[in-house]
Every structure is written in C-alpha cells, then in structure tokens.
Ligand code: CMP
C-alpha cells in the first residue's frame, strides 16, 4: 500500500492547525501509520531540503523549519502521495485553491503550513529520514 510523508511545519503547529490537518486526512479515508512532534536538527533539515540547496532561500528555509516543533506523519492508502498534494494545494498559498490546506490557511510561500512528498521516490526517502522502521505501525483497520 502506498505511503507518504507529511509534516505540519512550525507555523502550522503554532497556529493550532495540527488537529484540523490530521482530521482532513482521516475524513478523506487515509490511515495514519506514524506520527511525532519533534524539533528538526540543522543536519536533518539540510538533508531533507537537499534538492533546494542552491536556491537563494535555502538558508531561510532551513532556519524556519528548525525554528520550532513540526508534526511529522506517515499516511497510507490508495494514491495517497498525489491525493495529499491535491489536498495541500499549490506551494504558494496565494495560488492554492480555496478548499485546500494552504489555500484555506496561508498567505506566505515560506510559511506554507505543510510539506508533503512529491513522488514515490521522495516519499521513501523522507519517511526513512524522519522515521525508524519500528515507528511505522502497519495495522489493519477493523471498523
Ligand atoms: P515545501 O513543500 O516544504 O518544499 C520547499 C519549500 O521551500 C516550500 O515548501 C516553500 O515553503 C519554500 N519556498 C519555496 N519558494 C520560496 C521562496 N521564494 N522563499 C522562501 N521559501 C520558499
């Protein structure tokens, strides 16, 4: 079954949006199989955002993502990588459709509330960066 990595960024945690965001994915029908509130180290932030290291905003991005706790999650279900991207909306919240997480709750590209893996390769990489194998709960839903 497909899995993706989602992370409520420090702005989302501070604005009390964790519950709202978890609720959207639960109501959609996806299964939460891993979750933790954590402060990201400088090293993990640089690894996670490695593909952006040449961008002018890289320093700002690393500073922001390490500035306070994030809520890291692994979600599972059919087509969850693409569906989560759709539910998050465009990277720039001002361009994100109303009804999406960024479209409903954000106005700044740097503080865009949530991160989600953009492909099966990045999902695998990001899940392994943030979670140990024993932190992923592969349970069956019985109700
Ligand atoms: P995310 O999906 O976490 O992946 C890379 C992040 O870089 C992106 O969300 C934005 O928050 C951030 N980002 C993109 N463009 C800019 C920018 N121009 N200035 C600051 N941050 C940016």
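Values in this text are rule-based calculations from the coordinates and carry no lab data. Predicted model, so just to flag it, every value in this text is computed and none were measured. Note: ideal-geometry Cβ built from the backbone for every residue, glycine included; neighbour counts use all protein chains shown.
Sort 71-77, 87-93 by packing, meaning the average of other beta carbons within 10 Å per residue, with the highest value first.
71-77, 87-93
Length gain on complete extension for the stretch residue 36 to residue 139, per 0.36 nm per residue less the alpha carbon to alpha carbon distance?
Length gained between residue 36 and residue 139: 35.3 nm.
Output needed: percent of Cα pairs per 10 Å distance bin for the chain, bins running from 0 to the one holding the longest distance.
With a bin width of 10 Å, the distribution comes to 12, 44, 37, 7, 0.
Taking springs between alpha-carbon atoms closer than 10 angstrom, which of 81, 98, 127 fluctuates most in the Gaussian network model of the chain?
Comparing 81, 98, 127 in the GNM, the peak value goes to 98.
Hey, how many Å between the Cα centroid of the range 36-54 and the Cα centroid of the range 108-143?
14
Return a whole-number percent for the relative contact order of the range 2-136, with Cα pairs under 8 Å and 6 or more residues apart as the contact set.
36
222 nm [θ] for the chain, helices only, -39500 (n - 2.57) per DSSP H run of 4+, per residue, to 500?
-10500 deg cm²/dmol
On average, how much area does the Cα convex hull of the range 49-103 cover when viewed from any direction, in nm²?
Projected area, direction-averaged: 5.1 nm².
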